[in-house]
Amino acid sequence: MALIHDPKYTTVIDGYGVNSELGKYVQEVYGPYFTELYVETFLNTIGLSYPVNAYISGHQLNLKNAVIEKSKEASNRYTFSATVGYQKDGEKEKSAEVSGVVLFSTKEKGKIGKFEYEDDNGFSEELTANE
């Protein structure tokens, strides 16, 4: 996440900060999974919220478990529930439950067209509580 916070990666063009290194990273890591139109939207809204908050607060994240279920109403809709471990500076690891919805594109086969967190049971607040 240093790519986000280190000014050496950002260039100002027409008054806006442009981070081409972050763009490359995003395309390499997330591009294969998201539709071309949605990858930037996802990352500019909620996609990096947990990793960035963890980086800023000094936490390490660890995906412990994920359960994914296909919707009975829509063939491209899935719900997920995940257990995320988080730990800071050798403290005892805590865990949080995060859930949401994923819609796969009907035009770009196998690509995510929308990803939403619905409930994180206070996980975001916990990560940022003692910054």
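Each value in this text was obtained by applying a stated rule to the coordinates, not by laboratory testing. Note that this is a predicted model, so its numbers are computed, not measured.
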Pairs beyond 30 Å (Cα-Cα), from Lys24/Lys72; Lys24/Lys92; Lys24/Lys88; Lys88/Lys111 | Lys24/Lys72; Lys24/Lys92; Lys88/Lys111
Would you grab the residues whose amide H sits under 5 Å from the one on Leu48? Only those 5+ places off in sequence or on another chain, please, with H modelled 1.01 Å from N.
-> none
Gain in span if fully extended, Phe80 to Val29, counting 0.36 nm per residue against the direct Cα distance = 16.3 nm
Region 39-93: C-alpha gyration tensor shape, a/c 1.5 cut-off, then a/b vs b/c = oblate
Subtracting the Cα-Cα distance of Thr106 and Glu125 from 0.36 nm times their residue separation yields 3.4 nm
